[in-house]
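Q: Okay, handing you the structure first.
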Amino acid sequence: MPLPVVAIIGRPNVGKSTVVNRLAGVQEAIVYDEPGVTRDRTYKRAFWSDREFLVVDTGGLVFDDDTEFLPLIREQAMAALAEASAAIFVVDGQTGPTGGDHEIAEWLRQQPVPVLLAVNKCESVEQGVIQAADFWELGLGEPHPVSGIHGNGTGDLLDELMAYLPPTDQLDETEEIKVAIAGRPNVGKSSLLNAFVGENRAIVSPISGTTRDAIDMVVERDGQTYRIIDTAGIRKKKNVEYGPEFFGINRAFKAIARADVVLFVIDAIDGVTEQDQKLAGRIADEGRACVLVVNKWDAIEKDSQTIYDYERDITNRLHFIEWAEIIFISAQTGQRVEKILDLVNVAAEQHRRRVTTSVINEVLEEAVSWHTPPTTRGGRQGKIYYGTQVSTQPPSIALFVNDPTLFNDGYRRYIERQFRQALGFKGTPVRLFWRGKKVRDAERSVNRATKV
């Protein structure tokens, strides 16, 4: 069975994200002094004792207001509670019980999920006991004084939580493929996530910037587990003000860096923009595998040549990631969405692929026989002695040569093309390190000295 889920519930701005960060031991959820910063539900791994579980941060619950995103936030919080083994109801110890707390408590008492009451912002241990006592009136059992900032009381809270989680021997873990959905605002990233999981997992709205945090969702298909991460839309830096959007974009960049595969979503109506080009460069620099997802394809008037024209334009304008597979979809109608994970599987496999030294040198020998390295005006010619793969994710190959400066950019691109033609590596960048004789001699000296 998958990891158990613990839902964090509460009013806006009571410090739920701070508590999530404390329980998970990370600083990933956006923490900012403004109600409504968390809108979707976000998943973080947490450990306590011998248990591993997922902590789900949710948007602030307000039952008597239907403006803006509040009804959608309620829907997300209810969905989190439906899949949870237990819930932690977070209240503000400095404010004391409010009418909103009483409404949420009444709703929670009607749910089948066990609820623990965490009284946050109890920074003083002695004063915290007094602050927590006021919350007995909510009728949810013992109030636990905690501090999400300092960690006071969280150990006792977690000790009690363990009684509601399944034993470790009932859990089994399969290797996940981490997939980040990235792109500009309003290209359909959240709609794509919802299409994957078959539910309204993320809030979808025509207003750009609806997703502010990186949202994790676990999907399983044919025995393979995928952790799909929806990220905030990435706008031009000059248009981003310091605040929730700024932090959201930073989380998006971090999600890209920790992903195995990036689903780079492009709006078919807008085509490739300057911001798309910058984001493609970021994906390549991070060394992530990538699938190019052209969304809203159903809104394009097409003839027999349209798709080929689009592919050619995308490849030309996103030459940083010309190795990425391209798929044309409609997240809204579900057109070809089911084929995306097939491309993800290929890209992830190639990203982790390791090739033997003998095969690499066979490719090099063939490449050099067809096109010899360039010769300088002074008569010096580059020589490639041998190559070997030094790492994966992405595949990285060291080429040992007489002098790296003798190999121009054109010849280096030629060698990379030969590797791709002979070995594939579809969907992943390939890094080539050109190492000269002086470097190799220095390494040999160090090895000799170490042996002595």
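Q: Got at least one residue in the stretch 197-210 being modelled with pLDDT under 80, loosely packed, with under 15 Cβ neighbours inside 10 Å, of a type in the set (A, V, I, L, M, F, W, C) and over 19 Å from the mean Cα position of the chain (by Cα)?
A: Within the stretch 197-210, one or more residues are modelled with pLDDT under 80, loosely packed, with under 15 Cβ neighbours inside 10 Å, of a type in the set (A, V, I, L, M, F, W, C) and over 19 Å from the mean Cα position of the chain (by Cα).
Q: Filter the stretch 271-302 for residues that are of a type in the set (D, E, K, R) and at pLDDT 90 or above; which is farthest from the chain's Cα centre (by Cα)?
A: Of the stretch 271-302, the ones of a type in the set (D, E, K, R) are 274, 276, 278, 282, 285-286, 288, 296, 298, 301-302.
Filter once more, so that each one left must be at pLDDT 90 or above: 288, 296, 298, 301.
Working: 288: 11, 296: 22, 298: 27, 301: 33 Å.
It comes out as 301.
Q: Right, here's the next one. Right, residue 155: of a type outside the set (A, V, I, L, M), modelled with pLDDT of 90 or more and loosely packed, with under 13 Cβ neighbours inside 10 Å or not?
A: In short, yes.
Q: Among the residues of the stretch 99-118 satisfying the criterion of being aliphatic (A, V, I, L, M) and assigned to a helix (DSSP H, G or I), which is modelled with the highest pLDDT? Walk me through how you get there before you give the answer.
A: Step one: list which residues in the stretch 99-118 are aliphatic (A, V, I, L, M), which gives 104-105, 108, 113, 115-118.
Within this subset, residues satisfying the condition of being assigned to a helix (DSSP H, G or I) are 104-105, 108.
On the way: 104: 89, 105: 92, 108: 89.
In this case the residue turns out to be 105.
Q: Kindly establish whether residue 412 is out of contact with any Phe, Trp or Tyr (no Cβ under 6 Å at 6 or more places or on another chain), within 22 Å of residue 259 (Cβ to Cβ) and surrounded by 12 or more Cβ atoms within 10 Å (Cβ to Cβ).
A: It is false that residue 412 is out of contact with any Phe, Trp or Tyr (no Cβ under 6 Å at 6 or more places or on another chain), within 22 Å of residue 259 (Cβ to Cβ) and surrounded by 12 or more Cβ atoms within 10 Å (Cβ to Cβ).
Q: Only one of (1) of a type in the set (Gly, Ala, Ser); (2) out of contact with any helix residue (DSSP H, G or I) (no Cβ under 9 Å at 6 or more places or on another chain); (3) at pLDDT below 80 is not met by residue 17, so which one is it?
A: Against the list (1) of a type in the set (Gly, Ala, Ser); (2) out of contact with any helix residue (DSSP H, G or I) (no Cβ under 9 Å at 6 or more places or on another chain); (3) at pLDDT below 80, residue 17 comes up short only on (3).
Q: Among the residues of the stretch 388-401 satisfying the criterion of being surrounded by 17 or more Cβ atoms within 10 Å (Cβ to Cβ) and in contact with a Phe, Trp or Tyr (Cβ under 9 Å, 6 or more places away or on another chain), which is farthest from residue 372 (Cα to Cα)?
A: Among them, the one singled out is 394.
Q: Just give me the residues in the stretch 285-314 being surrounded by fewer than 17 Cβ atoms within 10 Å (Cβ to Cβ), in contact with a helix residue (DSSP H, G or I) (Cβ under 9 Å, 6 or more places away or on another chain) and of a type outside the set (Asp, Glu), in sequence order.
A: Correct list: 300, 307.
Q: What's the total number of residues in the stretch 20-56 that are of a type in the set (Val, Ile, Thr), at pLDDT below 60 and under 17 Å from residue 85 (Cα atoms)?
A: Adding up the residues that qualify gives 0.
Q: Out of all the residues in the stretch 173-181, is one or more out of contact with any strand residue (DSSP E or B) (no Cβ under 6 Å at 6 or more places or on another chain) and at pLDDT 80 or above?
A: Looking through the stretch 173-181, none of the residues is out of contact with any strand residue (DSSP E or B) (no Cβ under 6 Å at 6 or more places or on another chain) and at pLDDT 80 or above.
Q: Please specify each residue of the stretch 102-126 satisfying the condition of being farther than 20 Å from residue 160 by Cβ and either acidic (Asp, Glu) or surrounded by fewer than 13 Cβ atoms within 10 Å (Cβ to Cβ) (or both).
A: 103, 106, 110, 123, 126, listed by residue number.
Q: Can we say residue 367 is in a strand (DSSP E or B), outside the structural domain of residue 272 (by TED's automatic domain parsing) and of a type in the set (A, V, I, L, M)?
A: Spelling it out, it is not the case that residue 367 is in a strand (DSSP E or B), outside the structural domain of residue 272 (by TED's automatic domain parsing) and of a type in the set (A, V, I, L, M).
Q: Considering each residue of the stretch 315-372, count those that are touching a residue at least 60 places away in the same chain (Cβ under 8 Å) and of a type in the set (Phe, Trp, Tyr), and give that number.
A: The qualifying residues number 2.
Q: Right, here's the next one. If I go through the stretch 328-373 residue by residue, how many of them are hydroxyl-bearing (Ser, Thr, Tyr) and over 30 Å from residue 402 (Cα atoms)?
A: Total meeting the criteria: 2.
Q: Could you grab me the full set of residues in the stretch 130-154 that are part of a helix (DSSP H, G or I) and not charged (D, E, K, R)?
A: Of everything in the stretch 130-154, those that are part of a helix (DSSP H, G or I) and not charged (D, E, K, R) turn out to be 130, 131, 132, 133, 135, 136, 138, 154.
The values are calculated or read from the model by the stated rules, or taken from the named source; none is laboratory data. Treat the numbers as computed from the prediction; the structure is a model and nothing was measured. Cβ: placed from backbone, ideal geometry, glycine included. Neighbour counts: every protein chain shown.
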